[in-house]
Structures are given as structure tokens and as C-alpha cells.
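Have a look at the structure below, then the notes.
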Amino acid sequence: MWTRIAALLCVLAACSTPSKAPPPAAPSPAVVAGTDIAWAQLTLALNERAFQILSLVPDRAADPRLVTLAAELTSSHTNENVQLNALLRRIGAPVENPHTGHDMPGMATAGEVASMSAARGVAFDQLFVESLGKHLTQCENLAQSMLQAGKLPDALALAAAIESARRQALTRLAARGAP
């Protein structure tokens, strides 16, 4: 009988003792790095759209400096996209980019791409310079915002590099002068 009473007391003691809940799980890297993810996704979408206008330059531009700049930007944007995609994979971001296919500030619209596709020479140069200037400015602004609000050191380093690259490209574009 004492064994039953002892067992009952143990059960009651266990029920009345506050249980130690397991500590809350650490937030996932994707939650911690929300700003970093959004910035990387936006920059990827902007770069992807820029490829559409950069690809038009060799066959349409009158100014050889634009041809050189477009080739360099195509290469640097491609390299950035590799790094941005690697960053997103490392931090466990969703595979689908919610910004792909959307028109956003800094992106050439379908109408602008069509106008550039139809233009040649100085007329093309004017359209391209305006569109590229918007793209570079928006990417620079996004990178500056990332540098203020981002969390992950590797994302911040990439944002700093992109911000610097966009500023340099804008300077080159401005130095070219009006067509």
C-alpha cells in the first residue's frame, strides 16, 4: 500500500511541478535577415530587367562608350547575380523571387524596352541613357538602404560593393554627356 501511495505522490508531484518548457527555437536565418533577403531579391529582379536593355546596345548605340559600358555592366550584373543567389541560398530564402516580372522603380517597362528596340543611333542612346540612369540610381538607393538596415555581414559587404559600382557607373554615364 505504501508503494501505491508513494507512486501517487510522485505522480501528483510531477503534475504540480511547473514543467520546464523547451526554450523557444532560434528564429530562422530567413526571419533574422528579412531586409537582406528583400534587398537581394529586389536587386536580382532589377538586374534581370536591366539585361533586356543592355543586350540592345551593341546593335543600336551610336556612342561606343555606351557599348563598352553596357558590356561591363552585363558582366558585373551577371557576377552580382551569382553572389546574390548564393547569399539567398545560404540564408534559406525562398527559391521563388516575388519581384520577378513586376514593374518597379528603376526598371525599364515593356513599353520602354519596345521603344529602345525600335530605335537606333542617337535616338536609342537617349532612351538607353535615361533608362539605365534610372536603373543605376534605384540600385544605388536600394544598396544604401541595405547598408543602413541590413544584418548579415556578407550581405552588407555585397551591398557596399554594388552601391560603389552603381555610383561609378552613374559617374561614367554623366561624364558621357547628353547625346
Taking the stretch 34-53 and keeping only residues that are without any contact (Cβ under 8 Å) to a residue 60 or more places away in the chain and hydrophobic (A, V, I, L, M, F, W, C), one is left with Ile37, Ala38, Leu44, Phe51
Number of the condition not met by Asn81 [criteria: (1) among the polar types (S, T, N, Q); (2) in contact (Cβ under 8 Å) with a residue 40 or more places away in the chain; (3) under 20 Å from Asp154 (Cα atoms)]
(2)
Looking at the stretch 77-90, is at least one residue modelled with pLDDT under 95 and over 12 Å from the mean Cα position of the chain (by Cα)?
yes
Name every residue in the stretch 87-112 that is within 17 Å of Ala143 (Cβ to Cβ), of a type in the set (A, V, I, L, M, F, W, C) and without any contact (Cβ under 8 Å) to a residue 60 or more places away in the chain, in order of residue number.
Leu88
State whether the residues of the stretch 108-126 include one that is of a type outside the set (Gly, Ala, Ser), surrounded by fewer than 19 Cβ atoms within 10 Å (Cβ to Cβ) and either under 30 Å from Ala33 (Cβ atoms) or under 13 Å from the mean Cα position of the chain (by Cα) (or both).
no
Tell me, which helices (runs of 4 or more DSSP H) lie completely within the stretch 66-179 with 3 or more residues that are touching a helix residue (DSSP H, G or I) at 6+ places or on another chain (Cβ under 7 Å) and of a type in the set (D, E, K, R)?
153-176
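The values are calculated or read from the model by the stated rules, or taken from the named source; none is laboratory data. In this text the structure is predicted, and so the values were computed from the model without any measurement. Glycine also receives a Cβ, built like all others from the backbone with ideal geometry; neighbour counts cover every protein chain displayed.
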